[in-house]
Ligand SMILES: Cc1cc2nc3c(=O)[nH]c(=O)nc-3n(C[C@H](O)[C@H](O)[C@H](O)COP(=O)(O)OP(=O)(O)OC[C@H]3O[C@@H](n4cnc5c(N)ncnc54)[C@H](O)[C@@H]3O)c2cc1C
């Protein structure tokens, strides 16, 4: 075996396909059974793409510099510029390759996401994307094994020797790690988040938006083996989702996208953050953390009839009432406290020209926290409320890498062990998020890791032959 790819999501599949195309024999080990294959990638919808002019499903232009500035802003500078730019440039020319492997694109839907310019949507979503890649990989002769969770590696001086699935030892000349983050590991989340000043263990109230199989087993193993790491273990991409979501695999349909159109209050009926700070794609990922900091890790998004039709409706209807006090009661909130918040907010709104597609001039005055855009009184019945809880998308802790996607040990890059996707996304995304960049990183580094691993395998084959 030339190349062993560990993982079964987008990054792993990109690596397997590229390694195979480069002439290597490839085996892919997916922890999940076939019907749950594809990891978090199966839940995705789009890829953020740089482009200098309108391109098939993408409108207008999204130049490198603007993409870079967006990344810089959301990460607060916690990003490696060289790797970020590499990702950005790779996003401009990967779609033809993706199409060759059966991925189809479609224009974005309308709604609050403002993504038609920046993000290419997968026809049929991420599930169709991973299915297409699996089909293509099978056709090209990649060996695929399901229910094959790798629990440890055999390494020798930073070189990959073998992977273990239980007692089975699988050797290869090179290996790509693409086994996701540790977001599905509730014990580890508990350890990372700890206990708060109220004595709560916040992570006990988190849902995991994606797969249950990203347990971080190999991340932990590699850390213990001395691999260089990057990223804050307490940082995770977290979205405020429908509090009725299941523990795993709720996916995007549990998202509540109306935050910027109304107000959000905590269990005590108080607002706690500017709901109109920025466009939703740039800000939705901070709301999980904001809700995680509230008592009981719960909050309530409240809108009025004016918001209807302006956001992607959640799968399940919210709690509806004809008056605000009735809504508060139905949501189980203290009615006087809630009404005080809503009355203060409504009185503070300075409505200008409402336009949800730009950072408009509707704002509050003399209100803390302010609502800086899209502030309109919540006053037109019927009123809807959605209970929110934090939904973890992925964790940021990963393995440090460089332009060749090699795993490094004490600053020395391995010759035959590579990493891609969430397992290294922290190199580009130290914190924060901008929609679609997870797939840009996984596609860019999955493809690099595939080529590099094939080359490493060929080299080692050549040196073995010469020896
Ligand atoms: C609901 C949701 C929606 C999202 N939407 C988007 C979007 O629209 N655009 C975007 O860019 N990003 C999105 N993301 C983020 C995106 O999913 C990730 O950035 C990306 O899929 C990561 O790809 P990956 O291949 O690294 O990980 P994954 O796709 O999670 O794959 C990891 C794989 O490793 C396997 N695995 C884990 N441990 C082991 C082991 N020990 N041995 C063998 N296999 C193992 C898992 O079973 C899985 O197949 C979304 C995430 C979620 C949860």
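The values are calculated or read from the model by the stated rules, or taken from the named source; none is laboratory data. Bear in mind the structure is a predicted one, so any value in this text is a computation, not a measurement. Cβ sites come from the backbone with ideal geometry, for glycine too, and all protein chains shown count toward neighbours.
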Seminar exercise, completed: Residue set 86, 28, 17, 71; condition within 12 Å of the ligand (Cβ to nearest atom), touching a helix residue (DSSP H, G or I) at 6+ places or on another chain (Cβ under 9 Å) and touching a residue at least 60 places away in the same chain (Cβ under 8 Å); output residue 28
Exercise. Are any residues in segment 11-36 under 20 Å from the mean Cα position of the chain (by Cα), surrounded by fewer than 24 Cβ atoms within 10 Å (Cβ to Cβ) and part of a loop (DSSP other than H, G, I, E, B), and if so, which ones?
Worked result: 32
Problem set entry | Answer residue from segment 250-269, given it is buried (at least 21 other Cβ atoms within 10 Å of the Cβ) and in a helix (DSSP H, G or I) and is farthest from the ligand (Cβ to nearest atom) among those | 261
For this session: Name the one entry in 176, 161 that is at pLDDT 95 or above, in a strand (DSSP E or B) and away from the ligand (no atom under 16 Å from the Cβ).
Result: 161
Exercise. What single numbered condition from (1) closer than 20 Å to residue 316 by Cα; (2) touching a strand residue (DSSP E or B) at 6+ places or on another chain (Cβ under 7 Å); (3) surrounded by fewer than 23 Cβ atoms within 10 Å (Cβ to Cβ) fails to hold for residue 295?
Worked result: (1)
For this session: Mind counting the residues in segment 311-345 that are out of contact with any strand residue (DSSP E or B) (no Cβ under 9 Å at 6 or more places or on another chain) and outside any loop (DSSP other than H, G, I, E, B)?
Result: 6
Exercise. Only one residue in 93, 80 is farther than 30 Å from residue 360 by Cβ, within 19 Å of the chain's Cα centre (by Cα) and more than 15 Å from the ligand (Cβ to nearest atom), so which one is that?
Worked result: 80
Problem set entry | Those residues of segment 189-227 which are more than 10 Å from the ligand (Cβ to nearest atom), buried (at least 17 other Cβ atoms within 10 Å of the Cβ) and either free of Cβ contacts under 8 Å to residues at least 12 places away in the same chain or in a loop (DSSP other than H, G, I, E, B) (or both), in sequence order | 206
